[in-house]
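Everything below concerns the one structure shown next.
The values are calculated or read from the model by the stated rules, or taken from the named source; none is laboratory data. The shown structure was predicted, so the numbers you read here are calculated from the model rather than taken from an experiment. When we count neighbours, we look across all protein chains shown, and the Cβ atoms used for this are built from the backbone with ideal geometry, even at glycine. Ligands, DNA and RNA are stripped out before the accessible areas are found, and what is left, the full protein with its side chains, is counted by its heavy atoms. Shrake-Rupley method; radii C 1.70, N 1.55, O 1.52, S 1.80 Å.
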Amino acid sequence: MPVPAGARYVGRPTEFANPFDGRGFGHVRAVRLFDRWIDGRLGDLTLEALGFCPAEIEALHRFRARLLDRLPQLAGLDLQCWCPITSRWCHADSLIRRANSLFSMENAR
C-alpha cells in the first residue's frame, strides 16, 4: 500500500511500530498494551506474564526510549499503518496524540 504524500508510515518495521503484535494479542489488546507501554505503565512483571523473556523486556525498554526521543518528529503529520480503517483502535492515533501534545507543550513555553 503506497503512503500518501505528506503522510508517514508508522507500522512494522519502522521505529514507531507497535511491538505488541495483533496476531498474538488481538488487535484491540495490542493497541491497549501499546498505550500502557508507551506511557510507562507496563512493568517488567507484566511483560513477563505476557510471554516476554528478560532479553526481550530489555529490548522493549530500549525501543521505548528511542521511540519517545523520536516522537516529536511526528507532530502535525498524518500517520499511516495497517490497522483496518473501520477500527477505532490504532496505535498511530496514540502516537499522533502524544506527538502533538509534546509539540503544543514546547510551543507554550
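Screening the stretch 65-89 for residues that are within 12 Å of the chain's Cα centre (by Cα) and part of a helix (DSSP H, G or I) and picking the one that is nearest to Phe20 (Cα to Cα) gives Leu67. For the stretch 65-78, residues that are modelled with pLDDT under 90 and open to solvent by less than 80 Å² (accessible area, probe 1.4 Å) total 3. Please verify whether the stretch 37-49 includes one or more residues that are hydroxyl-bearing (Ser, Thr, Tyr) and in contact (Cβ under 8 Å) with a residue 24 or more places away in the chain. Checked against the condition, which is being hydroxyl-bearing (Ser, Thr, Tyr) and in contact (Cβ under 8 Å) with a residue 24 or more places away in the chain, the stretch 37-49 yields no hits at all.
Any residue at all in the stretch 51-60 that is under 17 Å from Arg97 (Cα atoms) and open to solvent by 60 Å² or more (accessible area, probe 1.4 Å)? Among the residues of the stretch 51-60, not one is under 17 Å from Arg97 (Cα atoms) and open to solvent by 60 Å² or more (accessible area, probe 1.4 Å), which makes the answer no. With respect to the stated conditions, Arg62 is among the charged types (D, E, K, R), assigned to a helix (DSSP H, G or I) and either within 15 Å of the chain's Cα centre (by Cα) or at pLDDT 90 or above (or both). The residues of the stretch 2-47 that are assigned to a loop (DSSP other than H, G, I, E, B) and either among the aromatic types (Phe, Trp, Tyr) or open to solvent by 70 Å² or more (accessible area, probe 1.4 Å) (or both), listed by number, are Pro2, Pro4, Ala5, Arg12, Pro13, Phe16, Phe20, Asp39, Arg41.
So how many residues does the stretch 48-59 have that are in a loop (DSSP other than H, G, I, E, B) and of a type in the set (A, V, I, L, M, F, W, C)? Total satisfying the criteria: 3. Please go through (1) among the charged types (D, E, K, R); (2) within 21 Å of Thr14 (Cα to Cα); (3) open to solvent by 80 Å² or more (accessible area, probe 1.4 Å) for Arg88 and return the number of the only condition it doesn't satisfy. Going through the list (1) among the charged types (D, E, K, R); (2) within 21 Å of Thr14 (Cα to Cα); (3) open to solvent by 80 Å² or more (accessible area, probe 1.4 Å), Arg88 breaks only (2).
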